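One structure is given below, encoded as structure tokens.
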Amino acid sequence: MSTHNPGFATLAVHAGAQPDPATGARTTPIYQTTSFVFESADHAAALFGLQQFGNIYTRIMNPTQAVLEERVAALEGGAAALAVASGHAAQMLVFHTIMQPGDNFLAARKLYGGSINQFGHAFKNFGWEVRWADPADPASFESQIDERTKGIFIESLANPGGTFVDIAAIAEVAQKNGLPLIVDNTMASPYLLRPLEHGADIVVHSLTKFLGGHGNSMGGMIVDGGTFDWSQSGRYPMLSEPRPEYAGVELHKTFGNIAFAIACRVLGLRDLGPAISPFNAFMILTGIETLPLRMQRHCDNALAAATWLKAHEKVSWVSYSGLEDDPNHALQQQYAPKGSGAVFTFGLKGGYEAGKTFVEGLQMFSHLANIGDTRSLVIHPASTTHRQLSEEQQVAAGAGPDVVRLSIGIEDPADIIADLEQSLAKI
Ligand SMILES: *Cc1c(COP(=O)(O)O)cnc(C)c1O
């Protein structure tokens, strides 16, 4: 074995994959099967008892999914990973593994809108309480921690405005209080930033966005950093206590630094069921091969578009951390010097009506609720995703009447700017 450590672009193409042992197929095949034949009765018993790793049933594990897991674990620098049906499914399984009814966790107030709903509404039905904190103020997390607190959740590059969070400062609070720090790295991707290097314990992804990258497949990922001590406090019984359904196996004791990923698979995914389809795993694997190329292009194009918009007479402000005078620029330089991502917001002097006119006037941009596609995307939150809120609430959420959100694609930058220009002219 070579001792040379492959670089990021090489891992994006090769990590986890080998020519198919049965056929020699060079591309990872789509193992479109629900179940796998056991070698013997003893083999079956060993698989079911967790004494041996292997494929049983695609709800729990599948060879196409396994390559995707190894690849993302390698790109994030984690110990192991688990692929699931969506980003939301990944979040659900993470909290299912660490929370009991009556427990609470802390989450940054600035998150993807769907996560705010999931934490604030759906999780309430499980008896899990979310406590919101200000991602720019680590003390606002610390002051809400009590004996039933089980974790801290943030986005590395936060929605909706695309602002970098000081991960290391929040990791310090988590570590001091014996809590795992869970970081949603969807908007940055491991190409720009690897949260485990800054003190995160678990990374989650919506693979639906930049990792898949083409707007064609849903997926989610949990990456286990392998560093958190799940047995130290007795606060994580799913990981530290004997599991009756596996003949008394204690997951952390038995599986060490990959215990969290194992628990999410053999308890969470097995019992709650949000498995990724082998086809989607294949599509996302193919997308990841070009992640470094696409992500750099997204960033370069977004910087060009933000710079151009900032100088336009009908634009009142642009929030993009790649701009040198942006208040978030210093954190961007510290955490993600290669670029600031593809997603940013800006304000139109004409307010709500101007926002609607602008969105409708765009020709190449697609008006839809997604980010991280090869195509440039636009949404006017006040007339769509945030329309049920009062104007005051919209402003607090960074979605005031004048706000337009862009997810810049990988087209020619001149064509992106030309489309922005012709639509602004219609206001
Ligand atoms: C889209 C998204 C999610 C949810 O992922 P799904 O794949 O849509 O379930 C979570 N976090 C962020 C930052 C997202 O952009």
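The values are calculated or read from the model by the stated rules, or taken from the named source; none is laboratory data. Note that the structure is a prediction, hence the values are computed from the model and not measured. Every residue, glycine among them, receives a Cβ derived from its backbone with ideal geometry; neighbour counts consider all protein chains shown. Heads up: the accessible areas ignore ligands, DNA and RNA and are worked out on the full protein's heavy atoms, side chains in. Shrake-Rupley method; radii C 1.70, N 1.55, O 1.52, S 1.80 Å.
When only alpha carbons are used to place a centre, region 302-316 and region 4-38 end up 43 Å from one another. The Cβ shell under 15 Å around LEU111 holds other residues with a net charge of +2, Lys and Arg each +1, Asp and Glu each -1. Over all Cα atoms in the chain, the spread is summed up by Rg and Dmax: 22.1, 74 Å.
With all protein chains kept in place, the per residue accessible area of the chain amounts to 41 square angstrom at a probe of 1.4 angstrom. When each of the peptides 4-11, 230-237, 92-99, 17-24 is scored by the mean number of other C-beta atoms lying within 10 Å of its residues, the order from highest to lowest reads 92-99, 230-237, 4-11, 17-24.
Ellipticity at 222 nm from helices only: DSSP H runs of n ≥ 4 in the chain, each -39500 (n - 2.57), divided by the residue count, give -9500 deg cm²/dmol. Across the accessible surface of the chain, with the other protein chains kept in place and a 1.4 Å probe, carbon and sulfur atoms take up 54 percent. Our note on the geometry: Cα centres of region 63-142 and region 153-231, 9 Å apart. Over region 42-107, the fraction of Cα-Cα pairs per 5 Å bin, rounded to whole percents and listed from the shortest bin up, is 3, 14, 17, 21, 21, 14, 8, 2, 1, 0.
Placing +1 on each Lys and Arg Cβ and -1 on each Asp and Glu Cβ, with no other charges, gives region 29-287 a dipole about its Cα centre of roughly 480 debye. Comparing ILE154, TYR57, GLN100 along the charge dipole axis of the chain, the residue lying farthest to the positive side is TYR57, per the Cβ-charge model. The modelled label-to-label distance between ASP146 and THR384, using points 7 Å beyond Cα along the C-beta direction, is 4.0 nm.
Relative to the longest principal Cα axis of the chain, at what angle does helix 291-310 sit, 0 to 90 degrees, rounded to 10? Approximately 20 degrees, to the nearest ten. Here the peptides 283-295, 122-134 are ranked by packing, the mean other Cβ count within 10 Å, and the order with the highest first is 283-295, 122-134. Charge tally around LEU47: other residues with Cβ under 15 Å, Lys/Arg +1 each, Asp/Glu -1 each, net 0.
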